[in-house]
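Report on the structure given below.
Nothing in this text is a laboratory measurement; each read-out follows from the coordinates by a stated rule. This is a predicted model, so every value here is computed, not measured. Please note: Cβ atoms are built from the backbone with ideal geometry, for glycine as well, and neighbour counts cover all protein chains shown.
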Amino acid sequence: MTTTVFTGLGVVAPNGAGTEEFWSATLEGRSGIADITAFDASGYPARQAGEVRGFDPAAHLPNRLLPQTDRSTRFALTAAELALADGGVDPGALVDYDMGVITANAFGGFEFTHREFAKLWSKGPQFVSVYESFAWFYAVNTGQISIRHQLRGPGKALVAEQAGGLDALGHARRALRRGEAKLVVTGGADSALDPWGWAAQWSGGRVAASGEYRPFDRTASGHVPGEGAAILVLEDADAARGRGVSRVYGELAGQASTFDPPPGSPRPPALRRAVELALAEAGTAPAEVDVVFADSAGLPALDRGEAEALREVFGAHGVPVTAPKALTGRLHSAGGPLDVVAALLSLRDGVIPPTANTDDVPEEYGIDLVRKAPREARLSTALVLARGTGGFNSAAVVRTYDH
Amino acid sequence: MSDPTTTTMTLDDLRRILSESAGSEGGQLDGDILDTAFTELGYDSLALLETSAVIQREYGVEIPDKVATPRELLDSVNGSLPAAG
């Protein structure tokens with residue numbers, strides 16, 4: 001059976017553009033959360049976000065792509081290029097139909113659409129950019145990455161709020177295992193920090209008005225939204241070896257997605273089942289998991305539910321749990337892939353990044369949350385979880401890869 | 001914004017509009033491009049649609065779908081404009 005390995009990483013995160021910048025910020029506790037600068041948010045009930053500051057799209061993208069891309073797509077294209085470069089992938093030297101693109105997106109192109117809709121109602125339809133036709137669309141990142149780098153293999157787009165990014169990785173793994181591709185550029189990108197996108201986010205009822213994101217804390221009052229992209233190169237291990245890849249970050253050993261029953265149903269929530277299915281696919285026993293990168297909703301009811309699923313699978317305090325996303329905010333479809341990047345670097349460096357901001361974890365949660373400082377440990381297997389608003393659950397198992 | 005009653009559209013006007021509406025890489029629109037196909041210059045049908053929309057707003061004329069080169073486009077626009085003066 002095909003082994004699927006990560007050979008390239010690309011990150012545009014609020015606390016670091018570039019994989020190593022993000023990773024050092026994560027270990028040193030540097031936060032990307034601050035007052036919103038993209039617009040005047042002073043009149044809104046929530047005013048802090050994990051914004052990617054100082055991002056100059058013209059420095060990263062061909063001029064031709066600027067009139068036709070939303071901010072989220074610019075993040076996706078930038079992260080994809082970083083990942084391909086990091087993986088030493090020269091698409092021109094490989095068979096175009098052997099390379100796919102499978103990405104997730106939760107919001108579409110909010111900022112672009114906000115601007116074009118403002119033209120629509122203030123000036124008329126003839127002033128709306130023709131590029132609005134696709135710049136808003138969830139699948140546009142997959143398409144733009146495919147066109148730019150001439151990757152003509154399987155192309156897919158997943159929409160499952162925060163869970164979508166891990167779902168995309170799972171589909172990439174499936175495409176490789178079915179022999180549909182030898183390499184897939186995969187991950188997620190999202191941004192919705194214009195006034196319209198911001199209204200859509202805080203009106204959902206899960207955003208912390210305080211601007212403080214404290215996963216699993218007794219005082220947790222919501223999350224802080226972020227923006228960014230995390231794109232990875234996932235590859236058939238044999239194909240990677242064939243093109244002379246010397247550095248493999250790790251293996252995507254298993255992934256599973258489940259959907260929660262409707263509110264009021266007597267059936268249990270489905271996060272635990274996603275964990276069990278992903279572990280089963282990886283052939284991994286719970287005792288072999290060395291660290292969990294939790295979804296970490298930052299709302300007591302949801303944190304309690306996640307803690308319960310972890311207790312049921314791993315036992316009370318059975319595995320270290322962490323949430324580096326406290327430093328970035330929730331990146332929606334990019335959140336899961338960014339946690340996978342952090343997990344792979346944890347395996348590489350033998351260190352678990354801490355959960356910033358959280359001081360007081362209720363004893364009844366029964367989780368060993370890594371707090372305050374990085375924790376050194378021998379790590380070979382990590383579990384990454386993501387839940388999307390509306391009932392989506394996704395779990396991914398990554399582990400070290402020995403040639 | 002050009003004044004359609006007194007102005008003809010020049011190649012430089014077209015360069016500016018192409019650049020603003022569909023982008024351009026350094027130097028790509030320089031030189032004698034009057035008879036170079038838009039597709040060769042890297043502008044697809046969507047880029048031309050966006051360019052045509054801007055020209056229509058600025059000059060008040062519709063561009064037929066079939067123009068393939070800058071010369072054809074300029075002839076089409078200037079042939080539709082009222083005589084200068």
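If you take the square roots of the eigenvalues of the alpha-carbon gyration tensor of the range A:280-338 and sort them as a ≥ b ≥ c, do you get rounded (a/c under 1.5), prolate (a/b over b/c) or oblate? In terms of gyration-tensor shape, oblate. Shape summary: the range A:312-385 maps onto an equivalent ellipsoid whose semi-axes, from the alpha-carbon gyration tensor, are 18, 16, 13 Å in decreasing order.
Cα-based radius of gyration for the range A:180-265, normalised by 2.2 N^0.38 Å, reads 1.62.
Note on the protein assembly as shown: helix-only mean residue ellipticity at 222 nm, from DSSP H runs of 4+ residues weighted -39500 (n - 2.57) and normalised by residue number, equals -10000 deg cm²/dmol.
The charge dipole of the protein assembly as shown, taken about its Cα centre with unit charges on the Cβ of Lys, Arg, Asp and Glu (plus for the first two, minus for the last two), comes to roughly 1040 debye. Please work out whether the range A:4-242 counts as rounded, prolate or oblate from its C-alpha gyration tensor, where a ≥ b ≥ c are the square roots of the eigenvalues and a/c under 1.5 means rounded, while otherwise a/b larger than b/c means prolate and anything else oblate? Oblate, because a/c is 1.5 or more while a/b does not exceed b/c.
The range A:331-348 and the range A:1-51 have Cα centres separated by 11 Å. The spacing between the range A:193-215 and the range A:281-317, judged by their C-alpha centroids, is 25 Å.
Find the Rg to Rh ratio for the range A:219-339, where Rh is the Kirkwood radius over alpha-carbon pairs and Rg uses the same atoms.
Result for the range A:219-339 is an Rg/Rh of 1.00.
Of all DSSP bridge pairs formed entirely within the protein assembly as shown, close to 65 percent run antiparallel. D by Stokes-Einstein for the range B:11-80, Kirkwood Rh over Cα pairs, 25 °C, 0.890 mPa s: 206 µm²/s. Pairs of Cα atoms nearer than 8 Å and 6+ residues apart set the relative contact order; for chain A it is 23 percent. Relative to its residue count, chain A spans a Cα convex hull of 133 Å³ per residue. Summarising the strand pairing of the range A:4-242, around 60 percent of its internal DSSP beta bridges are antiparallel.
Between the helical axis of B:45-59 and the longest alpha-carbon principal axis of chain B there is an angle of about 20 degrees. Projecting the Cα atoms of B:SER19, B:GLY31, B:LEU49 onto the charge dipole of the range B:11-80, computed from C-beta unit charges around the Cα centre, puts B:LEU49 farthest toward the positive end.
From the Cα gyration tensor of the range A:254-399, with a ≥ b ≥ c the square roots of its eigenvalues, which class applies: rounded if a/c is under 1.5, or else prolate if a/b is larger than b/c, or else oblate? Since a/c stays below 1.5, the shape of the range A:254-399 is classed as rounded. Which Cα, out of A:THR37, A:HIS171, A:THR113, lies furthest along the positive dipole direction of the protein assembly as shown (beta carbon charges, K/R +1, D/E -1)? Sorting the options by dipole projection puts first A:HIS171.
Each residue, A:SER221 and B:VAL61, gets one label point 7 Å from its Cα in the Cβ direction; the gap between the two is 6.3 nm. Placing +1 on the Cβ of every Lys and Arg and -1 on the Cβ of every Asp and Glu, with no other charges, gives the range B:11-80 a dipole of roughly 140 debye about its Cα centre.
Counting only residues at least eight positions apart within a chain, or on another chain, the lysines with an alpha carbon under 20 Å from that of A:LYS156 are A:LYS182.
Return one quarter of the surface area of the convex hull spanned by the alpha-carbon atoms of the range A:24-110, equal to its mean projected area, in nm².
The number I arrive at for the range A:24-110 is 8.5 nm².
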